[in-house]
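Report on the structure given below.
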């Protein structure tokens, strides 16, 4: 069995709850003690209850925050590529497999979403073109 990490981060929307993992307890049970709450958006780290964070705790949290920030940035960068792929697969589905009922259920929402995306892209491109002049 793989060795357990010293810390567990329960991810939530704005960051994580941080737990210290203790596998070698006197009752031979795994225990997780909440030690902090992390807000990834503003960088705040709050000790849980009366717990005081050690330098080791703070270093582990800082490493996790850096890794998590990089992971979220990579996901954001992949979003346009996933959208392009989804649009291509949707076009193929519409052309080759969709029934009239399928299309009745989604056409208006797809057209609105695509119109919204196109409007934002055109506005942003125009802004970039004007900034270079």
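Listed values, structure above:
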read-out	value
Options 99, 69: the member that is modelled with pLDDT of 95 or more and either under 30 Å from residue 35 (Cα atoms) or in contact with a strand residue (DSSP E or B) (Cβ under 9 Å, 6 or more places away or on another chain) (or both)	69
Breaking point among (1) under 22 Å from the mean Cα position of the chain (by Cα); (2) part of a strand (DSSP E or B), for residue 113	(2)
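The values are calculated or read from the model by the stated rules, or taken from the named source; none is laboratory data. Every value quoted in this text rests on a predicted model; they were computed, and no experiment measured them. So basically every Cβ, Gly included, is an ideal-geometry build from the backbone, and we count neighbours across all protein chains shown.
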